[in-house]
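All remarks here apply to the structure that follows.
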Amino acid sequence: MAKSSSKGSGKPIPKVEINLKISSGQRDALLKTLRDRFENNGNRHQGLEWPEIQARLEARPEKLSSLNAMETTGGEPDVVGYDQKTGEYIFCDCSKESPDRRNICYDRAGEVEREKKGVFLGGNAIDLATEMGIELLNEDRYRELQKLGEFDTKTSSWLSTPTDIRELGGALFADRRYNTIFIYHNSAPSFYGSRGFRGSLRV
């Protein structure tokens, strides 16, 4: 059984579970969910057509597995762009608030620091993103996402952090308050029940 602890509440912190296995029925349901979300949020992907995107997904089952992991952890992934150079469609976690991958620190080194103090977290953003096969949003991509809607108005999300900042012990996160995007810093071992991370996936 995985060890767990909490930040002052006395309640155990459950591990963030990532399941990349997807049955044929789950695959069909996921494609329908993605199609419906695509059709209901046209402002995020003007000029793009769903049949072309679905064809690429069906030819790349590993991408569907990653999208399923995003969906089942509350990310509500949707298409937010198209790379004309590579021909790839770009999906991103578009949930209004930070996905349900919370009570996590920034990376494994930060998690180890917590474990030395007897605090066992839900995981860490870097390893979870890698396991899911997605990329953690950096500051630029986070700002681009915020042009498509209002995200993280009550929560915050870890951001991919420049090496020079991380080497000094810090990590970046961001949120939206007062109709403004704020980029902040914390020590990498920090964790909060209101902070997860957002990722992107190229298909």
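Couple of notes before you dig in:
- Residue-wise HN-Hα couplings along the range 29-45, as the Karplus relation 6.51 cos²θ - 1.76 cosθ + 1.60 with θ = phi - 60° gives them from phi, are 5, 5, 4, 5, 4, 5, 5, 4, 5, 4, 5, 8, 9, x, 5, 7, 8 Hz; Gly and Pro carry x.
- Protection proxy ranking, peptides 195-203, 16-24, average beta carbon neighbours within 10 Å, highest first: 195-203, 16-24
- When each of the peptides 124-136, 50-62, 72-84, 30-42 is scored by how many other beta carbons lie within 10 Å of its residues on average, the order from highest to lowest is 124-136, 72-84, 30-42, 50-62.
- Taking θ as phi - 60° and the Karplus parameters 6.51, -1.76 and 1.60, the scalar couplings of the range 107-115 work out to 9, 5, 4, x, 5, 4, 4, 5, 4 Hz in sequence order, x denoting glycine and proline.
- Annotation: extensible slack from Thr153 through Glu167 equals 2.1 nm (criterion: 0.36 nm per residue apart, minus Cα-Cα distance).
- Calculated mean residue ellipticity at 222 nm for the chain: -9500 deg cm²/dmol, from DSSP H runs with n ≥ 4 weighted as -39500 (n - 2.57), summed, divided by the residue count and rounded to 500.
- Take the Cβ atoms of Arg143 and Ala59, set R0 to 45 Å, and the FRET efficiency comes out at 0.90.
- Linear extension gain, Glu131 paired with Thr180, 0.36 nm per residue minus alpha-carbon span: 14.5 nm
- Label-point separation, Glu49 to Asp83 (7 Å along Cα→Cβ), nm: 2.3 nm
- Global dimensions of the chain from alpha-carbon coordinates: Rg and Dmax equal 17.1, 52 Å.
Any read-out appearing in this document is the output of simple, stated calculations on the displayed coordinates, not a laboratory observation. The structure presented is a predicted model; accordingly, all values stated were derived computationally and were not measured. Because the Cβ atoms are built from the backbone with ideal geometry, glycine has one as well, and the counts that use them run over all protein chains shown.
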